Amino acid sequence: MKDYYTSGEFARKANVTVRTLRFYDKEGILKPSRVNSAGYRMYTDEDFGRLQKILSLKYLGFSLEEIMAMTINDDAEDIARSLAMQRELIRRRIRHLELMEQTLDGTARVLETSGQVDWNNILHLIHITNMEHALVDQYKTAVNLNVRIALHSRFSCSPVPWFAWLASQLPIEENRRFLEVGCGNGQLWLNLEPERLRDRQIYVTDLSSGMVEDAAGLLKSSGRDFLTFETQDCQSLSYEDGSFDVVIANHVLFYVKDMDRALGEICRVLRPGGLFFCSTYGREHMKEITLLVQEFDPRITLSEVALYEQFGLENGQARLKPYFSAVEKRMHDDCLLVDEAEPLLDYILSCHGNQSEILSRRQLEFKQFLQKKIQEKGRIRITKEAGIFVCRKA
């Protein structure tokens, strides 16, 4: 039997006010586990875990709207994952505060010794202070990416997972210099043994410095510290013409603002005869998730734009042919068989559409809707339609 606490008891144990609990209840961010026959709101030990996550994320700079999309799960695995993510953001916050302290000390020393204000340092302080928002944004991006990777990793029905399959397509032995643009968290390179990579020159890059930092942390800790990690925009690469034998863009091109500029840059840094591997989706990819959310609420749109229309399996060859002498499409055979509601809910909340706004106060209701669907069928089958284009520079 669970132990239940009245709102007063729960508030005293957690050292918060009853007014705070009522506000979180009203906003839908922390509902009581049940309301008894006398109308009292009752909380359980699991609700302490939710409250800790809410208060921590609020302290770390997230808005209540953002927190609403991150607090639904309360099982032991989710709490452990939440604590790890909070710990990483705190480490980034500490590094940020240390940088601010160093700059403040330097500015104060110059003022004390010369009596002059170093306005360049003042400007630097403004930039560092503004980094606060970037830290939260980077954290959200990393969390969302990890959520999407986790769903595919856990529920894939293919004997060869996506990243392992993509890695198997790369001609490692035949080439020496590799560039990945839009590396995300660097997951691709975990699927290639360090011994195969050690005498290669591999540049792992992303537009987001936070993503590059995440990739470097992951790969260096797994024996791949000899890779080069750099912040680069694939629309304006800093490398010389013909610098690389192979360029890789895994699910990247449909996010690029100026695709022609990006393809021109990628083609420029490839040597003659070099290869470009770029992956994307088809129009049927994950279609069952869209059908589920729209059955629950037709207003929900999981993406502001259809990514496959920007660059997909259907139109990708036409976009690539002006830049490459040969373009070959290769498909990865896979689907997802999902028998748990929470990972599916996490995935939906990680998307780039309006779902968080619409579901923010209906998360528990939506989770129950997903659970019912899974109970009816045993599991939900989700179509995956993903593949790569292998392009050769003339």
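Scanning the range 309-366 for residues that are within 14 Å of residue 297 (Cβ to Cβ), free of Cβ contacts under 8 Å to residues at least 60 places away in the same chain and outside any loop (DSSP other than H, G, I, E, B) yields 348, 365. Counting only helices (runs of 4 or more DSSP H) that sit completely within the range 151-269, those holding 1 or more residues that are in contact (Cβ under 8 Å) with a residue 60 or more places away in the chain, more than 22 Å from the chain's Cα centre (by Cα) and buried (at least 17 other Cβ atoms within 10 Å of the Cβ) correspond to 259-269. Against the criterion of being β-branched (Val, Ile, Thr), modelled with pLDDT of 75 or more, part of a loop (DSSP other than H, G, I, E, B) and touching a Lys or Arg at 6+ places or on another chain (Cβ under 9 Å), residue 72 does not qualify.
For every residue, the table says whether it meets (1) closer than 30 Å to residue 356 by Cα; (2) modelled with pLDDT of 80 or more; (3) surrounded by fewer than 18 Cβ atoms within 10 Å (Cβ to Cβ).
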| residue | (1), (2), (3) |
| --- | --- |
| 36 | yes, yes, yes |
| 46 | yes, yes, yes |
| 76 | yes, no, yes |
| 80 | yes, no, yes |
| 99 | no, no, yes |
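Here residue 11 meets the list (1) at pLDDT 80 or above; (2) part of a loop (DSSP other than H, G, I, E, B) almost entirely, failing just condition (2).
If I ask for residues that are closer than 21 Å to residue 349 by Cβ and either modelled with pLDDT of 95 or more or not β-branched (Val, Ile, Thr) (or both), which ones from the range 294-323 would you list? Can you show your working first?
Here is the first cut: in the range 294-323, the ones closer than 21 Å to residue 349 by Cβ are 294-307.
294, 295, 296, 297, 298, 299, 302, 303, 304, 306, 307, listed by residue number.
Name the single residue that is nearest to residue 326 (Cα to Cα) among those in the range 255-293 being modelled with pLDDT of 95 or more and of a type in the set (S, T, N, Q). So, considering only residues that are modelled with pLDDT of 95 or more and of a type in the set (S, T, N, Q), the one nearest to residue 326 (Cα to Cα) is 279.
The values are calculated or read from the model by the stated rules, or taken from the named source; none is laboratory data. This structure is a prediction, so every number in the text was calculated from the model and none was measured. Backbone-built Cβ (ideal geometry, glycine too); neighbour counts: all protein chains shown.
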